[in-house]
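Here, each number is a calculation from the coordinates, and none is a lab measurement. Here the structure is a predicted model, which means the values were calculated and not measured. For neighbour counting, all protein chains shown are included, and Cβ atoms are generated from backbone atoms with ideal geometry for every residue, glycine included.
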Amino acid sequence: MVHRHKRILDANVFLGRKRILQVAERETTLTAKSNDARARAEASFRKEERAKEGAKAMMEYQANSRMVREKTERLKALRLAKEAADKERAG
């Protein structure tokens, strides 16, 4: 009778351990899925941030290019006007 009772207890312990392992495995799987989801979300966020920074940098580049062109045109107009005035004085 004692041996039979011990076998039942051993079987219950085994099943209990098996259940604990199943729960632990499920938690590990859920944690892994959660970590994967977090990693994907962070990667997506970084990608969006890079896109925003890139767009901002492009706008700054275009604004600077426009300012350089306008300044060059203004200086060219001043130079041509000065050359025309110098030519009239000499002529």
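Tabulated data for the structure shown
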item: Separation of the Glu25 and Lys76 label points, Cα + 7 Å toward Cβ, nm; result: 7.6 nm
item: FRET efficiency for Arg66 and Asp86, using Cβ-Cβ distance with R0 set to 30 Å, rounded to 0.05; result: 0.50
item: Backbone HN-Hα couplings from phi across the range 73-87 [Karplus 6.51/-1.76/1.60, Hz, Gly and Pro as x]; result: 4, 5, 5, 5, 4, 5, 4, 5, 5, 5, 4, 5, 5, 5, 5
item: Extension reserve of the Ala57-Ala39 stretch, reckoned as 0.36 nm per residue once the Cα distance is removed; result: 3.8 nm
item: The range 39-45 - phi-based ³J(HN,Hα) in whole Hz, Karplus 6.51/-1.76/1.60, Gly and Pro as x; result: 4, 5, 5, 5, 5, 5, 4
